[in-house]
1. Which distance in Å, rounded to a whole number, links the C-alpha centroids of region 21-47 and region 64-84?
2. Name the helices (complete DSSP H segments) of the chain with a Cα length along the long axis of 18 Å or more and a Kyte-Doolittle mean of at least -0.5, or state none.
3. What is the total of Lys pairs in region 47-163 with C-alpha atoms under 15 Å apart, excluding same-chain pairs fewer than 8 positions apart?
4. Figure the gain on full extension for TYR52 and GLU18 (residue separation times 0.36 nm, minus the Cα-Cα span) and round it to one decimal in nm.
5. Run the numbers for MET121 and GLN34: contour at 0.36 nm per residue of separation, minus the present Cα-Cα distance, in nm.
6. Under the classification rounded if a/c is under 1.5, otherwise prolate if a/b is larger than b/c and oblate if not, where does the chain fall, given a ≥ b ≥ c as square roots of the Cα gyration tensor eigenvalues?
Amino acid sequence: MKLAPFPTPRNLILQWQEGEIERDEMQRLMGEHQKALLDEADHFHFNPIAGYIEGLLNKRAARRLMREHSEAAVREIFEALSWLHDFPPSAFLWNADHWDVPLYAFFRTKTEPVFRVRELMVKSSRAVMLVEHGSSKKSEIRRERVTFKRHWKGQMEVVKREDI
């Protein structure tokens with residue numbers, strides 16, 4: 001499954017509210033997001049063993065981050081990443097602030113497009129994350145160090161991104 005070549009649902013709603021796109025265009029693109037999610041579910045329906053293993057790996061990655069940091073801190077950082085327009089995994093992170101979605105649902109350990117958190121350091125007003133995303137091939141995966149800072153409203157925001 002490839003990432004959607006259009007903005008996340010959150011950004012689509014903002015564009016519609018600001019009058020940048022029409023309602024029909026917003027609904028069409030929201031339908032594309034829904035179709036992409038259903039296609040992914042369909043893929044794991046036809047290959048349940050791969051889906052089960054992927055789920056176990058994702059749950060393990062989520063448990064590790066929750067043990068080292070709190071779930072709230074991880075969700076806050078994922079939400080800050082979801083606002084980036086040029087960050088491909090934001091298509092899957094846009095609802096990270098919804099607590100009814102389990103944290104492991106945002107990880108993609110083996111399934112393309114991959115999204116893995118290699119390291120995370122969280123302090124009260126800043127954070128640094130080493131993240132891998134993109135292809136599942138080691139030679140083609142993109143590694144980034146993302147630096148976050150808490151702005152005056154109290155929310156985390158991305159202040160620096162660098163390829164490693």
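Here, each number is a calculation from the coordinates, and none is a lab measurement. Note that the coordinates shown come from a computational prediction; the quantities given were computed from them, not determined experimentally.
1. Here the two parts' Cα centres lie 25 Å apart.
2. Working: long enough: 23-46 (34 Å, -1.10); 48-68 (30 Å, -0.40).
Counting only whole DSSP H runs, the qualifying helices are 48-68.
3. Count of close lysine pairs: 5.
4. Difference between extended and current length: 8.1 nm.
5. 28.0 nm
6. Because a/c hits 1.5 or more and a/b fails to exceed b/c, the chain counts as oblate.
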